[in-house]
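The values are calculated or read from the model by the stated rules, or taken from the named source; none is laboratory data. The shown structure was predicted, so the numbers you read here are calculated from the model rather than taken from an experiment. Counting neighbours? That spans all protein chains shown, and the Cβs are built from the backbone with ideal geometry, glycine included. Note: areas computed on protein heavy atoms with side chains; ligands, DNA, RNA excluded. Shrake-Rupley method; radii C 1.70, N 1.55, O 1.52, S 1.80 Å.
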Amino acid sequence: MLIGLDTDVSKPDLSPVPIWRCKDKECKAWMREELATSPSPECPLCKGGMVKSIKHLPKLVNKKSRKKS
């Protein structure tokens with residue numbers, strides 16, 4: 001028996017999210033489609049082409065910015 005491990009850790013809800021991933025199999029770069037800066041982005045690491053794909057990710061939480069008084 002392992003002592004000190006929290007067995008009540010809840011995993012985040014994952015959902016399929018459209019992403020762009022690098023075409024180069026050696027490059028690990030990817031980005032959420034909703035955060036891409038152009039309709040057909042280039043890889044931010046190797047500057048190669050990117051293809052659309054799906055990745056199961058936690059939902060993004062948009063934090064509201066505080067108003068300055």
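Just a few scattered comments:
- On inspection, R66 fails the criterion of being modelled with pLDDT of 95 or more and open to solvent by 70 Å² or more (accessible area, probe 1.4 Å).
- Spans of strands (runs of 3 or more DSSP E) in segment 9-58 with at least 1 residues surrounded by 12 or more Cβ atoms within 10 Å (Cβ to Cβ) and hydroxyl-bearing (S, T, Y): 50-58
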